[in-house]
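These notes are about the structure you will find just below.
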Amino acid sequence: LLVTFVSADSHGTSQYLVHDPKSAEELSEAIDAAIMTVLSKPKWFSNLKNTHQYVQAHLVTTCSPSPSKWQWPDKAGATGLLKRVFDSNELKVAGVQWASQIADYVTNGQNPTGYWADYLQAIVAEFNAHYGTSVQIRRIYYPNSVEVGDRVADGTVDMSEPYYYLGGFHGGKPRIESLHFSCVTAGTAGIFIVKSDARIATLDALNSAIASGSNKKIGFIGQGNYDSVKDILDDTAVAVFETDGVVLANQVADGTLLAGYVSEGAPPDPTRFMEISTGIISPRAALFKKDFDTCACPDNANTNAGAVANTGATCSGTGSSSRVVINMFNSQSGSCN
């Protein structure tokens, strides 16, 4: 939606909106177009899934893979984070270093391997093919997904890795409301694993064991995984986080953990474990910052409050009237008070 705000105040002190200088709108549009180009290729998704034996990955779509209907923003007029990507020739991607059977971000952080690494590489390859560029992926790792969300939200990075749960949280709010996100890249069916001799074969049995037993620890590879299934667990369950999937499985096997949640591939040795279906398929996506337009004053005027839309800031002094065209995208307000 394009909205034009015209300052017509005779004293030249009316405020006007300024588009977020770190806007993710155009970058997210370009990434969505690239994702849809990738997914429109016959059998591409199933081939990637089979290559990495990611049996829990499912093609779950929020967007229709018809490339002709997805618009690529113009390179010459690029703004915000898309312009930064072109200018720097790099795409800064936030994530956490973790490893499992289907992905390894630990051994070589800048050249990870596995399902999700290949997925993002394919997206960026389509981006470069369309724009005639050679943009490189620059991965920036943080200790946990909370900080990943923070750095995405403030524009320190351009986007997150494409494996983040839409069901997670950011800043105490649902991710789908506090951040912007790409088309869904995949849906994953999570399972709980317990020792093969634990005699826990169902979700109800697992919850009974949590409620009545002394070991209430359930292992997760990250906060987003926990958030996606915590509502189906007994409320006395204790979440324990371990970013190495093999270590997590071993802790289940030796009894340190009562169970572990697996959404990134099968257990390292299925003969050692019993699998319990959650019945949940969780959509995954890349996260982007949510744009926030700001209030500004005409030339030679000053503002007496914070420059955030709808905060009640007012201008003082003199100046010529101003005219600004704003591309509204997930902004908090369409006007300045």
| said: Condition (residue is closer than 21 Å to Asp244 by Cβ, free of Cβ contacts under 8 Å to residues at least 40 places away in the same chain and open to solvent by 30 Å² or more (accessible area, probe 1.4 Å)) applied to segment 82-94: is it met by at least one residue? | reply: no
| said: Being out of contact with any helix residue (DSSP H, G or I) (no Cβ under 9 Å at 6 or more places or on another chain) and over 17 Å from Ala34 (Cα atoms) is the requirement here; does Gln101 meet it? | reply: no
| query | Counting only residues that are in contact (Cβ under 8 Å) with a residue 60 or more places away in the chain and acidic (Asp, Glu), which one in segment 244-270 is surrounded by the fewest Cβ atoms within 10 Å (Cβ to Cβ)? | reply | Asp244
| remark: Exactly one of Thr37, Thr62 is in contact (Cβ under 8 Å) with a residue 12 or more places away in the chain and in contact with an Asp or Glu (Cβ under 6 Å, 6 or more places away or on another chain), and that residue is Thr37
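From Ser28, Ser68, which residue is more than 22 Å from the chain's Cα centre (by Cα) and in a helix (DSSP H, G or I)? Working first, answer last.
Working: Ser28 fails: more than 22 Å from the chain's Cα centre (by Cα).
So the residue among Ser28, Ser68 that is more than 22 Å from the chain's Cα centre (by Cα) and in a helix (DSSP H, G or I) is Ser68.
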| field | The listed residue being within 9 Å of the chain's Cα centre (by Cα), hydrophobic (A, V, I, L, M, F, W, C) and open to solvent by less than 10 Å² (accessible area, probe 1.4 Å), out of Val152, Val184, Val157 | value | Val152
| note | With criteria (1) crowded, with 19+ Cβ neighbours inside 10 Å; (2) closer than 18 Å to Ala99 by Cα, Phe241 comes up short on (1)
| remark: Scanning segment 199-240 residue by residue, those assigned to a loop (DSSP other than H, G, I, E, B), among the hydrophobic types (A, V, I, L, M, F, W, C) and closer than 21 Å to Gln56 by Cβ turn out to be Ile200, Ala201, Ile221, Leu233
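The values are calculated or read from the model by the stated rules, or taken from the named source; none is laboratory data. Computed from a predicted structure; not experimentally measured. Note: ideal-geometry Cβ built from the backbone for every residue, glycine included; neighbour counts use all protein chains shown. The area values use the complete protein model at the heavy-atom level, side chains included, leaving out ligands, DNA and RNA. Shrake-Rupley method; radii C 1.70, N 1.55, O 1.52, S 1.80 Å.
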